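K.L.:
Structure provided below as structure tokens; questions to follow.
Here, each number is a calculation from the coordinates, and none is a lab measurement. Quick caveat: nothing in here was measured; it's all calculated off a predicted structure. In this analysis, Cβ positions are derived from the backbone assuming ideal geometry, glycine residues included, and neighbour counts consider all displayed protein chains.
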């Protein structure tokens, strides 16, 4: 049974042990259960589906005499004397001497801070497995804060691929592992509970794709015997997840196509040619092609569901504005929704320029618009006198009513939930609005077959004429003094700069030197950029505060903005010509490309400086790579090139590493890093299933139907 299913039938007696509360697992008391509730874990079934985020590979054993410094390793050792003392700072330190498995003495030690129980639970002469980071302490090697288990005990925390789970404060990693090991491997007077998980795939599908059964997959994905079995288990769970997603989206598209009815929107060719001729620039070939596809959709009664992809600055807004003119010319309204007030304001300014010569009427509606002006706009939307409404999610609030909404444009759509997008369909008055989604985040072709399966795709893959390529440099931290000189020089010329860090606060993780926005801004104010006007912006600041900082930057009141990736998708600052990314190796390629796209909006040459020690990083090399354009000039790789390169670099797995990105709806699959073959297999399987059973009504598809239903209900997407 999938997570949370039991709570939908709270009144029913438990159908399986999976519906029982987690307190039925030995070791989970009332206090632990409260902590687990924070992670939405209520039942044993919920616990089983709480999957590891990564693994520590402690499966290879090394004799103590062959340990190497600065690496995580596992050994079998005999415990010598165990002592405890207080350090100068008052901390309790436990230290154990270690001998080889056969008792041969060594100089290797193990040390722990604060773990008094080590001395209480282990004795001198005991054989143990010990796993952890090995470091030099003086001239001797020592395990620092290692994990210990008796050598004759079953391997749970050491000597294997050790699962690392997402946690909440108050739950220790070892506790979560113990609870899950009990649930999966037995220990509740029965065999492991994974055997009670319902098998969603018919045998024919499992055989066709050589997939393990669901119980084996769950057991191996928590406590794998080896990397190969872990890979096969994750592939099985990823197959299920993608298949359910494919089925859900294909069914929804079929339902919309069959049931929905849109207003056909049309204007004569001559009028459209006049609008395009009045633009202050010529449309690129890619803009013309994309607009042609959109215009074709708008003329149909089946509502458009189209995603418009275009690199940063490729001119998506102009294409959307022309679509809005077609709607207005047909006597209908358009809603344009952006993820932030600043972006909404920017779109409103762009439309004001594009509609200057007698274009559609438009208004900006955000939460900041209040009083008489808000009442005036709401009335204009309700009586139809306002053709185009630009705003944030405020546009989908219940009290916003349109007279004849026929087109909804959702900008940077990956920032919105599908539910918010679908709400626009409820705003139609008896008809469904055409839906145009836009994104500047490059999407590899493989992803179009999964999360965007219910959409048609248009691509603007060329930049407008006159845009200067951004010069990208890779620098080491030792070269930073010259980088800051360059920032000062740009500011002296009247230009502005971004400095982006991977972390907000230096205290987020102890003991490393990852650049943080708070510390960087403070240091630059005091030292390298003293005398310049600096500002700080990060995700923990309230949205209004972030907007205020960004406005000051846009108005030229700030020379250098120190920020996290909250500036990844932001407003145009034509005067910003420098982007410095600290700790650049910690960002994905798509993020780095988005950050670079924040500059180069004006006529001045712009520079992106990636600062990193990782000189061998394939991602950073891709950011500085060049290709030849149609005129034979060397230009940087565009977003689509980088998306393909990222997929090639990351491959189909990185199963033992931390996921770099992904969507929260999915437990296993990272849609930015998914095996294209798996996508094709699940797409074909979904089409095969629905061709013979469109409603998933057959008994062999009962579990798949239930999973699709739970996907929609879990994320309120029905």
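K.L.:
For region 471-637, what relative contact order do you get, as a whole percent, if you take Cα pairs closer than 8 Å and at least 6 residues apart?
P.N.:
28 percent
K.L.:
While we're here: Fewest Cβ neighbours within 10 Å first, please rank 367, 330, 290 accordingly.
P.N.:
Ranking 367, 330, 290 by Cβ neighbours within 10 Å, fewest first, gives 367, 330, 290.
K.L.:
Oh, and also: Based on the alpha-carbon set only, what is the convex hull volume of region 560-646 divided per residue, in Å³?
P.N.:
107 Å³
K.L.:
With the alpha-carbon atoms as the only input, what is the per residue convex hull volume for region 51-154 in Å³?
P.N.:
For region 51-154, the hull spanned by Cα atoms encloses 127 Å³ per residue.
K.L.:
Moving to a separate point now. Treat the chain as a sphere of radius equal to its Kirkwood radius over Cα pairs and apply Stokes-Einstein at 20 °C in a medium of 1.002 mPa s; give the translational diffusion coefficient in µm²/s, rounded to a whole number.
P.N.:
Rounded, D is 74 µm²/s.
K.L.:
Another question, then. If you average the sequence gap of Cα pairs under 8 Å that are 6 or more apart and divide by the length of region 60-159, what percent do you get for the contact order?
P.N.:
29 percent
K.L.:
Within region 350-381, what residues put their amide N at less than 13 Å from the label point 7 Å along the Cα-to-Cβ vector of residue 401?
P.N.:
378-381
K.L.:
Based only on other Cβ atoms within 10 Å, what is the fewest-to-most ordering of 485, 685?
P.N.:
485, 685
K.L.:
Rounded to the nearest 5, what is the percent of antiparallel bridges among the DSSP beta bridges in the chain?
P.N.:
Looking only at bridges with both residues in the chain, the antiparallel portion is about 40 percent.
K.L.:
Just the number: Rg to Rh for region 471-637, Cα atoms, Kirkwood Rh, two decimals.
P.N.:
Using Cα coordinates only, the ratio equals 0.95.
K.L.:
Here's something else I'd like to know. Using a 10 Å cut-off on Cβ atoms, rank the peptides 253-266, 149-162, 271-284 from the highest mean neighbour count down.
P.N.:
Going from most to least packed, we get 149-162, 253-266, 271-284.
K.L.:
Find the all-direction average of the projected area of the Cα convex hull for region 513-556, expressing the result in square nanometres with one decimal place.
P.N.:
Result: a mean projected hull area of 3.7 nm².
K.L.:
Using just the helices of the chain, give the 222 nm mean residue ellipticity in deg cm²/dmol: DSSP H runs with n ≥ 4 each add -39,500 (n - 2.57), and the total is spread over all residues, rounded to 500.
P.N.:
Calculated mean residue ellipticity at 222 nm is -10500 deg cm²/dmol.
K.L.:
With a cut-off of 8 Å between alpha carbons and a minimum separation of six or more residues, what is the relative contact order of the chain in percent?
P.N.:
11 percent
K.L.:
How big is the Kirkwood radius of region 181-306, worked out from every pair of different alpha carbons and given in Å to one decimal?
P.N.:
19.6 Å
K.L.:
Kindly provide log₁₀ I(q)/I(0) values, in the same order as q = 0.12, 0.17, 0.24 Å⁻¹, from the Debye equation applied to equal alpha-carbon scatterers of region 211-282.
P.N.:
Ignoring solvent entirely, the Cα scatterers give -0.60, -0.76, -0.95.
K.L.:
Just need the Rg to Rh number for region 267-346, please, alpha carbons only, Kirkwood Rh.
P.N.:
Rg divided by Rh gives 0.95.
K.L.:
For a paramagnetic label modelled at 7 Å from the Cα of residue 629 toward its Cβ, which residues of region 588-603 fall within the zone defined by backbone nitrogen distances under 16 Å?
P.N.:
Under 16 Å, as judged by backbone N against the label point of residue 629, lie 597, 600-603 of region 588-603.
K.L.:
Next question, about the same structure. Using the C-alpha atoms of region 302-396, what convex hull volume per residue, in cubic angstrom, is computed?
P.N.:
It comes to 113 Å³ per residue, whole-number rounded.
K.L.:
A further question follows. May I ask for the Kirkwood hydrodynamic radius of region 348-417, worked out over all distinct Cα pairs and given in angstroms to one decimal?
P.N.:
About 12.9 Å, per the Kirkwood formula over Cα pairs.
K.L.:
Once fully extended, how much extra length lies between residue 456 and residue 204, figured as 0.36 nm per residue of separation less the alpha-carbon to alpha-carbon distance?
P.N.:
That works out to 87.6 nm of additional length.
K.L.:
OK, next. Please give the length that would be gained between residue 136 and residue 712 if that part of the chain were fully extended, namely 0.36 nm times their separation in residues minus their C-alpha to C-alpha distance (nm, one decimal).
P.N.:
202.0 nm
K.L.:
A further question follows. What is the extension gain from residue 38 to residue 92, computed as 0.36 nm multiplied by their sequence separation minus the C-alpha to C-alpha distance, in nm to one decimal?
P.N.:
Contour length minus Cα-Cα distance gives 16.3 nm.
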